[in-house]
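Reviewing the structure listed below.
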Amino acid sequence: MAEEDQRKPHKLTPDQPVSLEELRQLGVFHWKLNADIYETDPELEKIRKDQGYSYMDIISIHKDTLPNYEEKLKRFFEEHLHLDDEIRYILDGQAYFDVRDQEERWIRIAMRKGDLITLPAGIYHRFTLDETNYTKAMRLFVGEPVWKAYNRPADDSDIRKKYVTSLQGC
């Protein structure tokens, strides 16, 4: 994909859809919510309470709203992991999260308005916009936000080892 536009769908031919169950086996969870009522949505509030997501902010990713837009988009697309779960709720627009499966293949997850996703700590992933070049997302954290990304390779990190161990037997 290095020479191709990262914002395209990049489907395999023939298409190879991945089920929500297959994503769950990787520790990736998804909810479909009503983004039009995110400020008062009882379902979102229940998820936040159940998961302990105490911190929230909103980011608008567009060349007119995000300082250093091109630089940040390149950084988001570098393969990396975090020490904490990554939780994103798309309030408007569209984007992609790419995650690695157990065989190191990329899985592209199309995110649209109303999609909430959690990526587990230690999973290699990357993020990009689609060809609309815009998304508005809620970022959720347990406690204070930690913005540090660890670019691949980070296989020797404790959180990566813990994640890989959690997949064994799946």
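Before we move on, is Arg24 of a type in the set (Lys, Arg) and touching a Ser or Thr at 6+ places or on another chain (Cβ under 7 Å)? Considered against the rule, which asks whether it is of a type in the set (Lys, Arg) and touching a Ser or Thr at 6+ places or on another chain (Cβ under 7 Å), Arg24 comes out as no. Suppose the filter is modelled with pLDDT of 95 or more, surrounded by 15 or more Cβ atoms within 10 Å (Cβ to Cβ) and among the basic types (Lys, Arg); does Arg7 pass it? No.
The sole residue among His10, His30 that is assigned to a loop (DSSP other than H, G, I, E, B), touching a residue at least 12 places away in the same chain (Cβ under 8 Å) and within 15 Å of Ala110 (Cβ to Cβ) is His10. For beta carbons closer than 9 Å, sequence separation of 6+ or different chains, a first residue in the stretch 149-163 that is touching a residue at least 24 places away in the same chain (Cβ under 8 Å) and hydroxyl-bearing (Ser, Thr, Tyr) and a second that is surrounded by 15 or more Cβ atoms within 10 Å (Cβ to Cβ) and not in a loop (DSSP other than H, G, I, E, B), the qualifying pairs are Tyr150/His80; Tyr150/Leu81; Tyr150/Ile159; Tyr150/Arg160; Ser157/Leu81; Ser157/Tyr150; Tyr163/Leu81.
Candidates are the residues of the stretch 89-116 that are assigned to a strand (DSSP E or B) and under 26 Å from Asp156 (Cα atoms); the one that is most open to solvent (accessible area, probe 1.4 Å) is Trp106. Contact annotation: residue pairs with Cβ atoms under 6 Å, 6 or more positions apart or on different chains, pairing a residue in the stretch 66-88 that is closer than 27 Å to Asp156 by Cβ with a partner that is open to solvent by 30 Å² or more (accessible area, probe 1.4 Å) and part of a helix (DSSP H, G or I), are Leu83/Ile159. Here Leu66, Leu83, Leu20 are screened, and the one residue that is open to solvent by less than 80 Å² (accessible area, probe 1.4 Å) and either hydrophobic (A, V, I, L, M, F, W, C) or more than 14 Å from the chain's Cα centre (by Cα) (or both) is Leu66.
The values are calculated or read from the model by the stated rules, or taken from the named source; none is laboratory data. Keep in mind that what you see is a predicted model, and the values were worked out from it rather than measured. Counting neighbours? That spans all protein chains shown, and the Cβs are built from the backbone with ideal geometry, glycine included. With ligands, DNA and RNA removed, areas are computed over all heavy atoms of the protein, side chains included. Shrake-Rupley method; radii C 1.70, N 1.55, O 1.52, S 1.80 Å.
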